[in-house]
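Following: one structure in structure tokens, then a few remarks.
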Amino acid sequence: MQKENYNLQMEKIINGIKEKGERPTLLLHSCCAPCSSSVIERLKDFFDLTVYYYNPNLDGIDEFDLRLKEQIRLCKILDVECLTEEYNAQEFLSLIKGLEREKEGGGRCEKCFDLRLKKTAEKAKASGYDYFATTLTVSPLKNADMINQLGELIATKVGVKYLPSDFKKKNGYKRSIELSNEYELYRQNYCGCIFSKNQRV
């Protein structure tokens with residue numbers, strides 16, 4: 001079975017947009033400023049882009065606020081709008097109950113991706129955006145197939161278009177590190193939840 005090329009799918013959509021002379025709106029879920037940096041750079045010429053910071057999975061309010069501060073600062077530098085949600089850890093913890101001991105990348109992560117993508121899609125639909133997407137695929141540690149399959153399923157259920165992606169391609173991850181250094185962004189060394197933090201040690 002041939003593996004899906006989500007980067008190529010995205011490029012075809014963008015080429016179609018350019019050919020039609022359109023500039024659709026896109027709500028981009030972001031986990032943090034470093035991951036969003038190269039993604040914003042790649043998409044902002046083709047979409048009216050809004051970054052959406054929604055991350056109830058994060059390990060405590062201090063980590064949440066630190067990433068939020070950096071996300072807002074980066075959005076100002078790159079001149080894009082930033083929408084945020086308040087921290088609500090219980091939203092995540094109740095969802096993954098029983099999966100606390102799962103290995104990183106397994107069932108717990110799938111639930112977490114689903115939660116954040118669904119919320120982004122619902123926000124996009126309610127606010128009239130043409131597309132929704134996520135920065136999560138920029139990380140080489142994230143399962144792009146899982147994320148995109150969830151995104152496509154949610155798009156069908158919610159009724160808003162999903163932009164498939166594999167943002168680590170075309171040196172996307174490398175570029176995110178370069179931009180993080182250029183803008184002196186806080187760059188965490190774990191995904192975000194307490195479980196990923198403990199597994200890192």
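The values are calculated or read from the model by the stated rules, or taken from the named source; none is laboratory data. What you see is a predicted model; the values in this text were computed from it and never measured. Note: ideal-geometry Cβ built from the backbone for every residue, glycine included; neighbour counts use all protein chains shown.
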Handout entry: Residue match in the stretch 136-151 (condition: over 14 Å from the mean Cα position of the chain (by Cα), at pLDDT 95 or above and crowded, with 17+ Cβ neighbours inside 10 Å)
Key = no
Handout entry: Selection from the stretch 88-109 of residues that are surrounded by 15 or more Cβ atoms within 10 Å (Cβ to Cβ) and either hydroxyl-bearing (Ser, Thr, Tyr) or in contact with a helix residue (DSSP H, G or I) (Cβ under 6 Å, 6 or more places away or on another chain) (or both)
Key = Leu95, Ile96, Leu99, Glu102, Glu104
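Residue-wise test of (1) at pLDDT below 95; (2) hydrophobic (A, V, I, L, M, F, W, C).
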residue	(1), (2)
Leu8	no, yes
Thr25	no, no
Ser38	no, no
Phe46	no, yes
Leu58	yes, yes
Leu68	no, yes
Arg73	no, no
Glu81	no, no
Exercise for the section: Hey, could you check the stretch 6-23 for residues that are in contact (Cβ under 8 Å) with a residue 40 or more places away in the chain and within 18 Å of the chain's Cα centre (by Cα) and say which is farthest from Asn189 (Cα to Cα)? Expected result: Gln9
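Residue-wise test of (1) polar (S, T, N, Q); (2) touching a Cys at 6+ places or on another chain (Cβ under 9 Å); (3) farther than 20 Å from Ile177 by Cβ; (4) buried (at least 17 other Cβ atoms within 10 Å of the Cβ).
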residue	(1), (2), (3), (4)
Ala33	no, yes, no, yes
Ile40	no, yes, no, yes
Asp48	no, no, yes, no
Tyr52	no, yes, yes, yes
